[in-house]
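Below: the structure, in structure tokens.
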Amino acid sequence: MSLPVISPVAARQLMDKGALLVDIRGAGEHAREHIGEARHLPMEQLLNGAGIENAPAVIFHCRSGNRTLLNAGALAACADCQAYILEGGLDAWKKAGLPVVLDATQPMELQRQVQIAAGAMILLGTLLGTFVAPGFYLIPGFIGCGLIFAGLSGFCGLARLLMKMPWNRRASKA
């Protein structure tokens, strides 16, 4: 089942009439930046049976809108009222000039940290392999193997290492 998509401005108007805005992102993403009036119910909680009751309508959102579109059927089953997807998610909400709560003291979400670190190591290894010594090409090869292993097994050693960094430990204690 697909849910209708609603623009940020139309969502704001619907919220003024009592609609509930639900943020389906993970805790780390939500902690760094979120819509102040949104209720935080991560996708995992919704899939494990957390329902939404007593709302005239519900609007689901993620960062870009892709996660909500991919999970539209499961999200529709969580609501006992009319449900919508916020078109473009949090990104579109901000582009429309609507307010968000930003806590820059919270670390960037772990997936983005992994992407930045892996990309930087691949670029560095490639540049060093080209301009210094071919042996440095082992770095991007190693990172590529690690990413394949992470995708196949669900275990990412780089993510585990980044979780131990001081900026991520501080946020997990809060």
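Taken together, the values in this text are just the output of simple stated rules run on the coordinates, not laboratory data. Source: prediction; values computed, not measured. Cβ sites come from the backbone with ideal geometry, for glycine too, and all protein chains shown count toward neighbours.
What to note about this one:
- Lys pairs under 29 Å by Cα in the chain, provided they are eight or more residues apart or on distinct chains: 4
- In the chain, the calculated helix contribution to ellipticity at 222 nm averages -15000 deg cm²/dmol per residue, counting -39,500 (n - 2.57) for every DSSP H run with n ≥ 4.
- Within the chain, helices built from complete DSSP H runs that reach 20 Å or longer along their own axis (Cα positions) and carry a mean Kyte-Doolittle hydropathy of -0.5 or higher are 110-131, 138-153.
- Highest to lowest packing among 118-130, 151-163, scored as the average C-beta count within 10 Å: 118-130, 151-163
- With contacts taken as Cα pairs under 8 Å at a separation of at least 6 residues, the stretch 110-173 carries a relative contact order of 31 percent.
- Test item: Cα-centred dipole of the chain, Lys/Arg +1 and Asp/Glu -1 on Cβ, debye: 520 debye
- For the stretch 5-102, relative contact order (Cα pairs under 8 Å, six or more residues apart, normalised by length) works out to 36 percent.
- Summary value for the chain: 22 percent relative contact order, contacts being C-alpha pairs under 8 angstrom separated by 6+ residues.
- Charge dipole of the stretch 1-117 about the Cα centre (unit charges at C-beta), most positive-ward option of I59, A117, L86: A117
- Counted over the stretch 14-168, the DSSP beta bridges are approximately 15% antiparallel.
- Per-peptide packing, taken as the mean over residues of other Cβ atoms within 10 Å, places 95-103, 135-143 in the sequence 135-143, 95-103 from highest down.
- Using the Cβ of A27 as centre and a radius below 12 Å, the other residues enclosed give a net charge of -2, where K and R count +1 and D and E count -1.
- Spatial separation of Cα centroids for the stretch 107-155 and the stretch 17-80, in angstrom: 33 Å
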